[in-house]
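J.: Handing you this structure, nothing more for now.
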Amino acid sequence: MGTNGRHDELARFFRLLSHPVAMEVVRCLGQRYYTLSELAQTLETSKPCVCKRTTKLHDAGVLDKVRIGRRLHYCLREWKVLNLIRHVRRFVRTRAG
């Protein structure tokens with residue numbers, strides 16, 4: 001893959017994480033496993049919105065799905081993503097202050 005391809009892939013990944021719900025899903029899953037309903041309730045947003053974001057994050061390799069009993073839970077597969085979001089938030093805060 002050439003340089004442009006890698007830059008395009010990186011830009012797609014940052015676009016995925018740029019959605020506020022996606023960032024909050026990653027933050028929540030850094031604390032514990034959640035079902036789709038629990039995430040929607042915690043984030044005070046609709047299940048379809050959370051479903052769209054979790055699907056995209058799962059497809060990108062950020063999340064895993066784990067069946068516990070009869071319920072499907074989401075968990076972080078890549079903890080580096082949570083750390084990346086934390087670092088970027090810290091960077092933005094220091095630049096704004």
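J.: Looking at segment 42-64 only, could you name the residues that are loosely packed, with under 12 Cβ neighbours inside 10 Å and among the charged types (D, E, K, R)?
T.: Within segment 42-64, Glu44, Asp59 qualify.
J.: Considering only residues of segment 30-39 that are in a helix (DSSP H, G or I) and touching a residue at least 12 places away in the same chain (Cβ under 8 Å), which is nearest to Arg70 (Cα to Cα)?
T.: Restricting to residues being in a helix (DSSP H, G or I) and touching a residue at least 12 places away in the same chain (Cβ under 8 Å), the top hit is Leu36.
J.: Return the pair list, or none, for Cβ contacts closer than 6 Å from residues in segment 74-87 that are touching a residue at least 40 places away in the same chain (Cβ under 8 Å) to residues that are assigned to a loop (DSSP other than H, G, I, E, B) and of a type in the set (Ser, Thr, Tyr), at least 6 apart or on different chains.
T.: Cys75/Tyr33
J.: If you don't mind, another one. Tell me, which residue of segment 40-72 that is within 19 Å of Arg86 (Cβ to Cβ) and part of a helix (DSSP H, G or I) is farthest from the chain's Cα centre (by Cα)?
T.: Residue satisfying both the conditions and the ranking: Thr42.
J.: Kindly provide the set of residues from segment 66-76 that are surrounded by fewer than 16 Cβ atoms within 10 Å (Cβ to Cβ) and within 18 Å of Glu24 (Cβ to Cβ), ordered by number.
T.: Cys75
J.: Still on this model: Sort out which residues of segment 43-65 are under 13 Å from Val26 (Cα atoms) and among the small types (Gly, Ala, Ser), and write them in order of number.
T.: Passing the criteria: Ala60, Gly61.
J.: Here are some conditions: (1) buried (at least 17 other Cβ atoms within 10 Å of the Cβ); (2) of a type in the set (Val, Ile, Thr); (3) at pLDDT below 90. Thr3 meets all but one. Which one does it not meet?
T.: Of everything listed in (1) buried (at least 17 other Cβ atoms within 10 Å of the Cβ); (2) of a type in the set (Val, Ile, Thr); (3) at pLDDT below 90, Thr3 misses just condition (1).
J.: List, please: which pairs have Cβ atoms under 6 Å, are six or more places apart or on different chains, and start with a residue in segment 50-65 that is in contact (Cβ under 8 Å) with a residue 12 or more places away in the chain and farther than 12 Å from Val21 by Cα and end with one that is polar (S, T, N, Q) and assigned to a strand (DSSP E or B)?
T.: As it stands, the answer is none, since no pair meets every condition given.
The values are calculated or read from the model by the stated rules, or taken from the named source; none is laboratory data. Everything quoted here is computed from the prediction, not taken from an experiment. For neighbour counting, all protein chains shown are included, and Cβ atoms are generated from backbone atoms with ideal geometry for every residue, glycine included.
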